[in-house]
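The block underneath contains the structure these notes are about, expressed in C-alpha cells.
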Amino acid sequence: QKEVEQDPGPLSVPEGAIVSLNCTYSNSAFQYFMWYRQYSRKGPELLMYTYSSGNKEDGRFTAQVDKSSKYISLFIRDSQPSDSATYLCAMRNTGRRALTFGSGTRLQVQP
Amino acid sequence: GAVVSQHPSRVICKSGTSVKIECRSLDFQATTMFWYRQFPKQSLMLMATSNEGSKATYEQGVEKDKFLINHASLTLSTLTVTSAHPEDSSFYICSAGGTGATEAFFGQGTRLTVV
C-alpha cells in the first residue's frame, strides 16, 4: 500500500464548476501538507501549504486537512480552462524535509 | 515564492555517456536540495537528498555510483547520470527549501532521453 493515495483521474469539469481533489495517507506522522500544480513537462508549482489540521484559503483555492481521517482536500472555485493540469498532493513529517507525493490527479476544465 | 532554476530543460545523449544537470537557488541559500525522478503519468519519487558540504543521502534502490550528486555551494547542486542507459530516460526534478523553510520549491525539470 502506498503511503499517499490519490485518484489519477482524469477529472473533466465544465468551466465555472467547483473542483474537489483529494488524497488519503497512512503515515500519522505527516504534519505538513501541500498541493502542487504541474503542467505537462514542467516542474511542480506550489499552490497551497498547510500545517497540521484545518482550512486555508487563497483566492479560488481552499485546502483542508483532516488528520483524524488522514484525508486532505483541495477545492477550486470558479474553475477556468487554465486550471487544466495535474494536481499533486505532497506531505512530510517534522523530522524529514523531503516530500512524499501522491500520484497526481489530471484535471481538465472544458470551456 | 522562491526561485529554483534547473538546467538543461531537455537533453538527449547516447548510451554510455554521462550527463550533468544543474539546480540553482536564485534568491535564497539552500542548505538542502532534493532530487526527484518522475516517469510518465507517475508521481515524483525521491532519489536523494543533497546536503551542502557533505555527502548526499540516497534513497533505497538508488545507485549512488550511477547518480552522482555534488552540493558544493549554498546555491548549487548537480546531479550527474553516469554511463547512461535508455532505462535512465526520465524527467528529473530538483527542489530546495532554504534554511528553516517548510515549503519546497521546484526547478523546471530536465527531460533526459538516452538513445
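The values are calculated or read from the model by the stated rules, or taken from the named source; none is laboratory data. Just so it is clear, the structure is predicted and the values come from calculations on it, not from any experiment. Ideal geometry is used to build each Cβ from the backbone, glycine not excepted, and the neighbour counts take in all protein chains shown.
Looking at the structure I just gave you, is B:E59 of a type in the set (D, E), free of Cβ contacts under 8 Å to residues at least 12 places away in the same chain and on the phi < 0 side of the Ramachandran plot? It is false that B:E59 is of a type in the set (D, E), free of Cβ contacts under 8 Å to residues at least 12 places away in the same chain and on the phi < 0 side of the Ramachandran plot.
Results for (1) surrounded by fewer than 19 Cβ atoms within 10 Å (Cβ to Cβ); (2) of a type in the set (S, T, N, Q); (3) modelled with pLDDT of 95 or more, shown as yes or no for each residue.
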residue: A:R60; (1), (2), (3): yes, no, yes
residue: A:Y87; (1), (2), (3): no, no, yes
residue: A:G95; (1), (2), (3): yes, no, no
residue: A:A98; (1), (2), (3): no, no, no
residue: A:S103; (1), (2), (3): no, yes, no
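Of the strands (runs of 3 or more DSSP E) lying entirely inside region B:2-115, those containing at least 2 residues that are of a type in the set (F, W, Y), within 14 Å of another protein chain (Cβ to nearest Cβ) and under 27 Å from A:R37 (Cβ atoms) span B:32-38, B:90-96.
So that you can scan it fast, the table gives a plain yes or no per residue for (1) at pLDDT 90 or above; (2) surrounded by fewer than 17 Cβ atoms within 10 Å (Cβ to Cβ); (3) within 15 Å of A:L88 (Cβ to Cβ):
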site: A:Q6; (1), (2), (3): yes, no, yes
site: A:P10; (1), (2), (3): yes, yes, yes
site: A:I18; (1), (2), (3): yes, yes, no
site: A:L21; (1), (2), (3): yes, no, yes
site: A:A29; (1), (2), (3): yes, yes, no
site: A:R37; (1), (2), (3): yes, no, yes
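Within region B:72-97, count every residue that is buried (at least 20 other Cβ atoms within 10 Å of the Cβ) and at pLDDT below 90. So the answer is 2. Could you check, for region A:66-85, whether at least one of its residues is within 30 Å of B:R24 (Cα to Cα), within 11 Å of the chain's Cα centre (by Cα), among the hydrophobic types (A, V, I, L, M, F, W, C) and within 14 Å of chain B (Cβ to nearest Cβ)? There is no residue in region A:66-85 that is within 30 Å of B:R24 (Cα to Cα), within 11 Å of the chain's Cα centre (by Cα), among the hydrophobic types (A, V, I, L, M, F, W, C) and within 14 Å of chain B (Cβ to nearest Cβ).
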